[in-house]
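What follows draws every value from the coordinates through simple rules; no lab data is involved. Given the structure is predicted, the values throughout are model-derived calculations rather than measurements. Note that we place each Cβ from the backbone using ideal geometry, even for glycine, and neighbour counts take in every protein chain shown.
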Amino acid sequence: MSIALSHVTLDGKVQMVDVSSKPDTCRVAEAQGRVMLGPEAFAALRDHTLAKGDVLAVSRIAGIMGAKRTASVIPLCHQVALSSVTVDFDLCQRNSSVTVRAAAASIGPTGVEMEALTAVTVASLTIYDMCKAVSKSIRIEDVHLVAKTGGSSGTFRQAS
């Protein structure tokens with residue numbers, strides 16, 4: 001059984017998918033990931049005692065900027081006119097982690113899943129960068145799409 005791949009032509013060449021015939025629809029995607037900091041780095045982030053400054057404020061800006069630059073780092077990704085990008089954080093003292101959540105929205109012919117995932121990833125990497133002086137054992141894990149709406153494939157929501 002052969003599966004048609006949208007980014008590969010019949011003769012095996014890589015291509016950017018042509019979305020010019022697809023209708024513009026409102027598209028929203030949500031993604032999340034977790035940064036496992038460890039107790040010492042978590043306390044420094046929570047207590048705002050890191051030398052590099054306000055980790056979450058800088059990470060929020062980095063995530064938004066990352067979403068806006070997605071097509072620059074993912075070769076076959078379309079340049080998307082984003083309507084909004086949000087990045088939020090939940091701190092969990094119990095396991096010394098930060099959950100990073102991002103949402104991206106656009107009206108257009110292609111989705112914004114990659115933009116939401118990029119926002120989470122870049123925000124998580126920024127947390128890592130700003131906390132690495134305190135701990136070298138920080139881990140970024142479980143980055144995934146939570147939900148998406150719009151487009152011909154319809155609505156998706158990750159099972160809890």
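Compactness of the stretch 33-113, taken as the C-alpha radius of gyration over 2.2 N^0.38 Å, stands at 1.30. Placing pseudo-labels 7 Å out from each Cα toward the beta carbon at Ser137 and Val58 gives an inter-label distance of 2.4 nm. Overall, the stretch 29-150 carries a charge dipole of about 160 debye about its Cα centre when +1 sits on the Cβ of Lys and Arg and -1 on the Cβ of Asp and Glu, all other atoms neutral.
The calculated FRET efficiency for the pair Ala43 and Gln158, based on their C-beta separation and a Förster distance of 25 Å, comes to about 0.25.
Between Thr86 and Ala147, the modelled label-to-label distance comes to 1.1 nm, taking each label 7 Å out from Cα in the direction of the beta carbon.
Here, the chain has an Rg and a Dmax of 17.8, 57 Å when only alpha carbons are counted.
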